[in-house]
């Protein structure tokens with residue numbers, strides 16, 4: 001072990017305090033950077049989700065409603081297919097949710113029992129077409 005006198009110990013204590021202060025400043029900067037990184041990531045994810053919700057509302061507002069009248073099916077389906085069905089940015093489950101949001105009465109009852117999963121989207125369209133596309 002090194003033998004230090006009082007002066008050496010005082011210098012080392014001051015140096016240690018100075019290094020600790022520098023460490024605390026650096027640590028604060030690092031923590032702030034990590035916080036900001038996480039904050040911006042969360043904020044951008046929320047902004048993306050808000051964009052999806054807003055687009056969904058705008059899309060649903062453009063779509064007609066189908067309650068179960070056979071005469072309304074072809075117009076409804078043509079518009080739905082153009083606005084939602086051909087939209088490659090939407091998943092099948094999102095398309096199914098938009099479809100459900102446009103239906104009332106007998107039309108909604110036709111697909112109401114289907115689980116809201118992407119594999120049921122084609123089945124929902126098939127059931128609605130069979131029921132309402134009577135020419």
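The values are calculated or read from the model by the stated rules, or taken from the named source; none is laboratory data. Treat the numbers as computed from the prediction; the structure is a model and nothing was measured. Quick reminder, even Gly has a Cβ in these numbers, built from the backbone with ideal geometry, and neighbours come from all protein chains shown.
For the reader, a short list of remarks on this structure follows.
- Filter pass, residue 90 being surrounded by 11 or more Cβ atoms within 10 Å (Cβ to Cβ) and part of a helix (DSSP H, G or I): no
- Test: residue in region 98-107 that is part of a loop (DSSP other than H, G, I, E, B), outside the structural domain of residue 48 (by TED's automatic domain parsing) and modelled with pLDDT of 90 or more: yes
- Residues (under 26 Å from the mean Cα position of the chain (by Cα), surrounded by 14 or more Cβ atoms within 10 Å (Cβ to Cβ) and closer than 20 Å to residue 78 by Cβ) located in region 102-130: 102, 103, 108, 111, 121, 124, 125
- If you check 72, 8 for being out of contact with any helix residue (DSSP H, G or I) (no Cβ under 7 Å at 6 or more places or on another chain), under 24 Å from residue 113 (Cα atoms) and at pLDDT 80 or above, only one passes: 72.
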